[in-house]
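Worksheet: one structure, shown below.
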Amino acid sequence: KFFNFGVSAPSMNFYANDQKVSAVVSATGTEALTGVNYGSVFPASNYALITGGNYTFKGIVSSTAVADANAVIASIQGNVENGKSYSLYTSGPFNAAAKTVDGFIVEDVIPAANTTAAHVRFVNTIANATAGFDLVAKSTTTAAEIVIATNIGYKAASNFVEVPNGVYEIYARYPG
């Protein structure tokens, strides 16, 4: 999966080395102006498929964009293995002068499906936070709290935690 969480970053298409793995292409074959917008993910469900190996993952502004066409605004080194799932995040503030945004990749160790519960984890994409965060789910019915993650720093992800089906308020808090 490819997430564009770079604050004020332009829409971008994602590449594994020089192979495009995300984008919208028009019926004429011309690359669309938009790629993955801020706050969005590609693909929306499931995962993009690539062969395992070492990659330079890149976020590149569309070739047909009005501003900064073809600019490589994110470059993330990563090794992916066949049979595993990963998520790549662009994150932090977009540097308009340098035309860059930060990024990282994490493995998604997905638990077996369970129809009586959800699996939730916390990925910290908050570049300017001074410390890690705890993630807590509070039941709106019982007020019971489930700690999903503790002290997760920037560019880190917790394991998935099973949370019973229900309605929750979700809080990211500084530890203590």
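Taking a 1.4 Å probe, which of ARG173, ARG121 shows the most accessible area, and what order do the others take after it?
From most exposed to least exposed: ARG173, ARG121.
Per the Kirkwood formula on distinct C-alpha pairs, the Rh of the stretch 94-173 is how many angstrom?
For the stretch 94-173, inverting the mean 1/r across all distinct Cα pairs yields 14.2 Å.
From the phi of every residue in the stretch 56-67, what ³J(HN,Hα) in whole Hz does the Karplus formula 6.51 cos²θ - 1.76 cosθ + 1.60 yield, where θ is phi - 60° and glycine or proline is x?
9, 7, 10, x, 10, 5, 3, 5, 9, 5, 5, 10
Give the accessible surface of the chain per residue, rounded to a whole number of Å², with probe radius 1.4 Å and ligands, DNA and RNA excluded.
Heavy-atom SASA per residue in the chain reads 54 Å².
Given GLY78, ASN37, ALA65, which one lies farthest toward the positive end of the charge dipole of the chain, if we put +1 on the Cβ of every Lys and Arg and -1 on the Cβ of every Asp and Glu?
The listed residue farthest towards the positive side: ALA65.
Taking all protein chains together and a probe of 1.4 Å, list TYR174, TYR154 from the most accessible to the least accessible.
The most accessible residue leads, giving TYR174, TYR154.
Mean separation of Cα pairs under 8 Å and 6+ residues apart, divided by the residue count of the stretch 39-119: what relative contact order is that in percent?
Worked out over the stretch 39-119, it gives 23 percent.
For ALA118, which sequence-distant residues (separation of 5 or more, or a different chain) have an amide H within less than 5 Å of its own amide H, given hydrogens modelled in the peptide plane?
Close amide H contacts, sequence-distant or interchain: VAL163, ASN165.
What residues qualify as long-range amide H neighbours of ILE126, i.e. H under 5 Å apart, gap of 5 or more or another chain, H built at 1.01 Å from N?
Amide H to amide H, under 5 Å and 5 or more residues apart or across chains, ILE126 pairs with LYS155.
By per-residue mean of other Cβ atoms within 10 Å, what is the highest-first order of 101-109, 130-138?
Answer by packing, highest mean first, reads 101-109, 130-138.
How big is the dipole moment of the stretch 1-141 about its Cα centre under a simple scheme where the beta carbon of each Lys and Arg is +1, that of each Asp and Glu is -1, and everything else is neutral? Debye, nearest 20, please.
160
Sorting check: for 9-18, 47-56, which peptide has the highest mean count of neighbouring beta carbons within 10 Å, and how do the rest follow?
9-18, 47-56
So, with a 1.4 angstrom probe, what is the percent of accessible area on the chain that is carbon and sulfur?
Here it works out to 53 percent.
Out of all DSSP beta bridges with both ends in the chain, state the antiparallel percent to the nearest 5.
The answer is about 90 percent antiparallel.
The values are calculated or read from the model by the stated rules, or taken from the named source; none is laboratory data. Please read all numbers here as calculations on a predicted model, not as lab measurements. FYI the Cβ positions are ideal-geometry reconstructions off the backbone, even for glycines, and counts take in every protein chain you see. With ligands, DNA and RNA removed, areas are computed over all heavy atoms of the protein, side chains included. Shrake-Rupley method; radii C 1.70, N 1.55, O 1.52, S 1.80 Å.
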